[in-house]
Structures are given as structure tokens and as C-alpha cells.
Amino acid sequence: MHDLIPSPYQVKQKILDELVASLEVLEFAKEALINEDYAESCRLMQRATADLQTEERRLRSFLLKMKVKAE
């Protein structure tokens, strides 16, 4: 059961990996916009926004757990 709980390092690594992936999606959105594919650019930006919001929630949860653990 202990193996199912991610370590702080694993949580941080997951967040960083997802941030990098979101940046890559935004790069594709930029290219689509440059190429005047507005619908695709918008779709990719929406996807990146949703992914970033998910990671923000994950980070806030992680911070709360770390704060509780420190007390």
C-alpha cells in the first residue's frame, strides 16, 4: 500500500512533466496561429489551459499536504 502513495519527488516530477507537455502544446498552438489555422490554435490553447489548471490544482493540493505534514 505504501508504494501507491507518491513521494513528494514523484509529485513534483509529474507536475514538471505536465508543464513541459503543456508548453509543447502551446508551441503547436503558436505554429497553428502563424499558419492561420485559427480553429486548431484555439483548440490547442484550450487544451493547454485545461492541462495547466489541472496541474495548478495538483500543486495546490501538494502544498496543502506539505503544510499539514510540517505542522
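Observations, loosely collected:
- Here the sum of -39500 (n - 2.57) over DSSP H runs of 4 or more residues, divided by the residues of the chain, equals -30500 deg cm²/dmol at 222 nm, to the nearest 500.
- The angle separating the long axis of helix 8-34 from the principal Cα axis of greatest extent in the chain is about 10 degrees.
- Across the chain, the relative contact order, built from alpha-carbon pairs under 8 Å that are at least six residues apart, equals 32 percent.
- Taking the longest Cα principal axis of the chain as reference, the axis of helix 38-70 is set at about 10 degrees.
Every number in this text was worked out from the coordinates using simple rules, so none of it is lab data. The model shown is predicted, which means the values in this text are computed figures rather than measured ones.
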